[in-house]
Amino acid sequence: MEETYFRKGFGLKAKVKPIIDAEYFSALVERIRSRGYADTFGDVTVRLAEEFGFCYGVDRAVDYAYETVHKFADRRIFLVGEIIHNPHVNNRMTEMGIRFLYPNGSGVFDFDQVTPEDVVILPAFGVTLNDFHLLREIGCILVDTTCGSVLHVWKRVDEYSRDGFTALIHGKFRHEESRATASQVEKHPQGKYIIVRDMEEATLVCDYIADRPGGLDAQEFMRHFEVKSSPAFAPDPDLQRIGVANQTTMLANESFAIGARVRAAMVQRFGEEHTESHYRSFGTICSATQERQDAVVKMMDEPPDVMIVIGGYNSSNTNHLAHMCREHTTTFHIEDAACIDTELGTIRHKPELAATTPERVEMDWLPAGPFSLGLTAGASTPNNKIGEAVLRVLQVRGVEVDMHAIGGGLKNASG
Ligand code: SF4
């Protein structure tokens, strides 16, 4: 019988590596990195965060997608959603002939056009249990690139619901990863989840648990959390026992603080001696996210004059990096190097944390005298886009970079 489920690649890594390197490598980034993450060009000192860009999960997902195109050259290949939240990488997938399946406004995918002869790639954030079963029923070939760190969260949520604990997930309820994680409770008939976006929402839950004055009543609670909790969720029975987990790309400090606040509410409600049977927690921020956030904290010990953060506007980990930088210095979150217009000398960016904040265009955004430029990028941004951003800033500044000397080819190459 034909094998239809793959999650370990096809042994074509050596074949696709030169192609991936050619598309995403940056000689300029490697040079700055090799010089201690800082280098000077004209009157601009460029500093890179010590961890940035593609994480191990994205590396693996991109690798499998390229391997899939080689392995199944004669079949239609679909991707459930975006492989990662990066427009440049997703455009490359389209150019390679991969078709994207997008969800409707309620997050529901329509797999009607997928046939048993097709190949479907599951993204690094995973898919919901229901979508997985639907695709298995179709009988198509599945290439599952779900990141190991996401699977680790799923395991926790599965254990919570198996043991009768409601999974309280710190995440964004519309984000693919949070939806997929929440769906893991469906493995158990009594499984329940509730998703809280931030400390403000966690406090609403905690006030309810501890029955604090001024908190929401049951009806108000459900009005607020209806779309962010399991069907048939009821706060009185379902907030008795809670296991905390999180989307892997949230702000680590906030996730820990939310866990501590939920625990304190349980202590207030049931007493310290009974907390163990009402509260569980397990840090599920992935190490790649943590390392990128730690590198920004380190860089902000001595903040650069201007900071550029590169990554999709809907990329959770990129938004959090930008948010951290904004607290220390002038920060521009751009979704692509092309947001820096070298003709007009402008930068187009998203000025606030919320993914839906409209972009703004700034003129005269670089300091007049010598300045330091910091850069970091979300886990789904390839190095060539970081190198291109550096080159564009230098170009706006009128600084020439000899890419031949650096080893990256032409002067106007993407770095
Ligand atoms: S950000 Fe973390 S969980 Fe997400 S793909 Fe990368 S390594 Fe995996």
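Given the residues 233, 221, which is the only one that is touching a residue at least 40 places away in the same chain (Cβ under 8 Å), more than 16 Å from the ligand (Cβ to nearest atom) and aromatic (Phe, Trp, Tyr)?
233
So which residues in region 72-90 are open to solvent by less than 20 Å² (accessible area, probe 1.4 Å), more than 13 Å from the ligand (Cβ to nearest atom) and part of a helix (DSSP H, G or I)?
Correct list: 90 only.
Could you say whether any residue in region 290-311 is on the phi > 0 side of the Ramachandran plot, within 16 Å of the ligand (Cβ to nearest atom) and touching a residue at least 40 places away in the same chain (Cβ under 8 Å)?
yes
I need the strands (runs of 3 or more DSSP E) fully contained in region 305-415, keeping only those with at least 2 residues that are under 30 Å from residue 22 (Cβ atoms).
Strands (runs of 3 or more DSSP E) meeting the threshold: 306-310, 330-334, 346-349, 371-377.
I want to confirm something. Restricting to region 94-138 and keeping residues that are within 16 Å of the ligand (Cβ to nearest atom) and among the aliphatic types (A, V, I, L, M), which single residue is farthest from residue 73 (Cα to Cα)?
Among those that are within 16 Å of the ligand (Cβ to nearest atom) and among the aliphatic types (A, V, I, L, M), it is 127.
Going through region 18-54 one residue at a time, which ones are in contact with a strand residue (DSSP E or B) (Cβ under 6 Å, 6 or more places away or on another chain), of a type in the set (Ser, Thr, Tyr) and within 18 Å of residue 395 (Cβ to Cβ)?
Passing the criteria: only 45.
Any residue at all in region 108-123 that's open to solvent by 10 Å² or more (accessible area, probe 1.4 Å), of a type outside the set (A, V, I, L, M) and in a helix (DSSP H, G or I)?
No, region 108-123 contains no residue that is open to solvent by 10 Å² or more (accessible area, probe 1.4 Å), of a type outside the set (A, V, I, L, M) and in a helix (DSSP H, G or I).
If residue 287 satisfies all but one of (1) within 16 Å of the ligand (Cβ to nearest atom); (2) surrounded by 21 or more Cβ atoms within 10 Å (Cβ to Cβ); (3) of a type in the set (S, T, N, Q), what's the number of the condition it fails?
Among (1) within 16 Å of the ligand (Cβ to nearest atom); (2) surrounded by 21 or more Cβ atoms within 10 Å (Cβ to Cβ); (3) of a type in the set (S, T, N, Q), the lone unmet condition for residue 287 is (2).
Could you look through region 271-284, keep only residues that are assigned to a helix (DSSP H, G or I) and under 20 Å from residue 161 (Cα atoms), and pick out the one that is least open to solvent (accessible area, probe 1.4 Å)?
Residue satisfying both the conditions and the ranking: 275.
Between a first residue in region 124-138 that is small (Gly, Ala, Ser) and a second residue that is assigned to a loop (DSSP other than H, G, I, E, B), which pairs have beta carbons less than 7 Å apart while being 6 or more apart in sequence or on different chains?
From residues that are small (Gly, Ala, Ser), the pairs are 124/83; 124/84; 124/145; 124/146; 124/147; 126/146.
For residues in region 184-221 being crowded, with 16+ Cβ neighbours inside 10 Å and among the polar types (S, T, N, Q), which is nearest to residue 248 (Cα to Cα)?
Per the stated criteria, the residue is 184.
Scanning region 164-183 for residues that are touching a residue at least 60 places away in the same chain (Cβ under 8 Å) and within 13 Å of the ligand (Cβ to nearest atom), which turns out most open to solvent (accessible area, probe 1.4 Å)?
176
The values are calculated or read from the model by the stated rules, or taken from the named source; none is laboratory data. This one's a predicted model, so the numbers in the text were calculated from it and none came from an experiment. So basically every Cβ, Gly included, is an ideal-geometry build from the backbone, and we count neighbours across all protein chains shown. The accessibility values were calculated without ligands, DNA or RNA, using every heavy atom of the protein model including side chains. Shrake-Rupley method; radii C 1.70, N 1.55, O 1.52, S 1.80 Å.
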